[in-house]
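Below is one structure, written out as structure tokens; the observations come after it.
The values are calculated or read from the model by the stated rules, or taken from the named source; none is laboratory data. Note that the structure is predicted; figures quoted are calculated from it, not measured. As a convention, Cβ positions derive from the backbone with ideal geometry for all residues, glycine included, and neighbour counts pool all protein chains shown.
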């Protein structure tokens, strides 16, 4: 594969409507060339028999099993609330009213 040319990077930058200085073109030509070389190395690997994965490690959820258990008593919770109305927590409006 022939190396990446500075003119190619300038062309891609123009298509992307990016303004680059001469030093940026030089810098990004080297960097983008390295990325493309690495991608070429990956393409050259023999991957026959290798199963495709989305992640290199097996992921396991570490959540506990659902377990039915009693909840809080509604009346006891409402008794502890600073302000309650009609069996619900009463809170100040978010906009326009002070507590």
Exactly one of these conditions fails for residue 4: (1) surrounded by 10 or more Cβ atoms within 10 Å (Cβ to Cβ); (2) modelled with pLDDT of 95 or more; (3) in a loop (DSSP other than H, G, I, E, B). Give me its number. (2)
When residues of the range 8-39 are limited to those that are part of a loop (DSSP other than H, G, I, E, B) and in contact with a helix residue (DSSP H, G or I) (Cβ under 8 Å, 6 or more places away or on another chain), the one surrounded by the most Cβ atoms within 10 Å (Cβ to Cβ): 20
Just need a number here: residues in the range 52-99 that are in a loop (DSSP other than H, G, I, E, B) and in contact with a helix residue (DSSP H, G or I) (Cβ under 7 Å, 6 or more places away or on another chain). 1
